[in-house]
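The values are calculated or read from the model by the stated rules, or taken from the named source; none is laboratory data. Predicted model only: the values in this text are computed from it and were never measured. Ideal geometry is used to build each Cβ from the backbone, glycine not excepted, and the neighbour counts take in all protein chains shown. Accessible surface is based on the protein model in full, side chains and every heavy atom, while ligands, DNA and RNA are left aside. Shrake-Rupley method; radii C 1.70, N 1.55, O 1.52, S 1.80 Å.
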Amino acid sequence: MGMPFHGGIHPKVTGAFDIEKPAETLPAPDILYYPLIQHRGAAAEPLVKVGEQVCLGQKIADSPAGLTSPVHASVSGMVRAIEPWDHPDGGKCDTIVVENDRLDRKDPALEAEPRDVELLDEQQIVEIAREAGIVGMGGAGFPLYAKLKDAAGQVETIILNGCECEPLLQSDHTTMIYEADSVVQGGLLLARAVDAPRILIAVEDDKPRAAQALQQAAAPYDNVEVRVLPVRYPQGGEKMLIKALLGKEVPPGKLPIALGLVVSNVESAAALYRACRSHLPLISRNVTVAGSVVARPGVLSVRLGTPFEALMEHCGLTAPYAKLLSGGPMMGKAQHTAKVPVIKTVSGLVLLSEREARSQRSTNCIRCGKCMQACPMLLSPCYLNFYSDLGNLAELERLNIDNCIECGVCSYSCPAKLPLVQKFRLSKLELSKQRRAAKERKEGGKPQ
């Protein structure tokens, strides 16, 4: 057994709701937007041209880069444009715009007979994971195939992460209750892909229906175990989860594979099973729509490329919203427009009222240490705050600001109401720019 990770909190929010039914299917909109970056790694490159007809499930973008992920059309229709468009992660990104013809003409590959997944070997599973465009759907967006490629014999345990600890979000929760068999089968495929002898499925104890469904689905398999953990934020972070499950710590700068582990989000595992069984690429996902001003909060099954405003219109509002977050209230990113599309890493939309969104007046840091007690990464947010204000990037690097996972527990715990996470994000961005410039200078100075 593992042991509790350092820090963590139990955030309180308004607008929570209970799961009463499977994810409701949201009708596809008239226009869909497919950013070429929906993952870690190199941007995909268009495989289609303006004016071209595309089919549902057709691969419309890809890249020869070693770390990337293809993009597929979630409807059939015509490519209307390939142009910069607003992205949920901020800024603009080259985007394929498709007009829905409402016919859902399928790509011929989707018409093939279902596969017998028991016959798939390691290499085939990895190739399917890549071609289906499956990435970490908990928010990280790391391509799944990259975790599996060349990892055979190095992995002792597959961990399926069902610790959806971000307040209000229920997307993974819904998947675990109503698609438990797909989650378990996806875990078995992951284990086969890397020859791992054990599968652990982690779920928090405030989700008893999910735990029960997973335990029932896992019952026939001796190598699959469901672990129920006490609720604690941010237990969904893979380093914190590994500590809580196994008592092991991932070394700084390393990935879980260094400990013989592969961690996958439960919805990613279910998507892998659908791809292996039914040839279905990643073209839809569960998205939570919640918040105190949402009339009918719930979980929707949404086709990728659907603008946020379509989800908001479907769920309705009881009052105007003051802030729209892509993600949960702790780590979600504020949006300046509701026209941004749902991409592979968008697990939820949270809408805040004027009162909730109103910034509280910050005061001076009093060195109380609450942020240090709460930080799950054992950082010193009060000192990171001090050097961020000074713009001292060298000292921030020495204090390991890169290890910050931007979970927000420091901001939540701070009695001075300092915007710590925002400061750290900006400082990390500046540090990244500085490193990139140094690398370019070094490469530019090399003899030709």
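Using the Cβ-Cβ distance between residue 25 and residue 442 with R0 = 45 Å, the FRET efficiency computed as 1/(1 + (r/R0)^6) comes to roughly 0.30.
Using the Cβ-Cβ distance between residue 124 and residue 221 with R0 set to 35 Å, the FRET efficiency from 1/(1 + (r/R0)^6) comes to roughly 0.95. Within the listed set 289, 48, 421, the residue fluctuating most in the Gaussian network model of the chain (springs between alpha-carbon atoms under 10 angstrom) is 48. What the Cβ-Cβ distance of residue 278 and residue 333 gives, at R0 = 30 Å and to the nearest 0.05, is a FRET efficiency of 0.40. Counting only protein heavy atoms and a probe of 1.4 Å, the accessible surface of the stretch 116-226 is 44% carbon and sulfur.
Annotation: average projected area of the chain is 22.7 square nanometres, based on the convex hull of Cα atoms across all directions. On full extension of the chain, what length is gained from residue 398 through residue 212, given 0.36 nm per residue of separation minus the C-alpha to C-alpha distance? Result: 62.4 nm gained on full extension. A viscosity of 0.890 mPa s and a temperature of 25 °C, combined with the Kirkwood radius over Cα pairs in Stokes-Einstein, give a translational diffusion coefficient for the stretch 61-116 of 178 µm²/s. Heavy-atom accessible surface of the stretch 331-448, averaged per residue, reaches 58 Å², computed with a 1.4 Å probe. Computed from the Cα positions only, the extents of the stretch 23-124 along the three principal axes stand at 43, 35, 31 Å, in decreasing order. Between residue 430 and residue 104, the contour length at 0.36 nm per residue exceeds the alpha carbon distance by 112.9 nm. What is the sum of charges, Lys and Arg at +1 and Asp and Glu at -1, for the other residues whose Cβ falls under 13 Å from the Cβ of residue 338? Result for the neighbourhood of residue 338: -1. Using heavy atoms of the protein chains and a probe of 1.4 Å, the accessible area assigned to residue 87 is about 20 Å².
Can you list, largest first and rounded to whole Å, the semi-axes you get for the stretch 107-218 by taking the square root of 5 times each eigenvalue of its Cα gyration tensor?
On the way: eigenvalues 117, 57, 44 Å².
For the stretch 107-218, the ellipsoid semi-axes come out as 24, 17, 15 Å.
Annotation: per residue accessible area for the stretch 15-123 equals 51 Å², rounded to a whole number [probe 1.4 Å, protein chains only].
Who wins for biggest fluctuation among 105, 358, 40 in a Gaussian network model of the chain, springs between alpha carbons below 10 Å? For the chain, modelled as a Gaussian network with Cα springs under 10 Å, the answer is 358. Annotation: extensible slack from residue 301 through residue 322 equals 5.1 nm (criterion: 0.36 nm per residue apart, minus Cα-Cα distance). Once the 1.4 Å probe is applied to the protein heavy atoms, the stretch 176-229 comes out at 41 Å² accessible per residue. With a cut-off of 8 Å between alpha carbons and a minimum separation of six or more residues, what is the relative contact order of the chain in percent? Here the relative contact order equals 19 percent.
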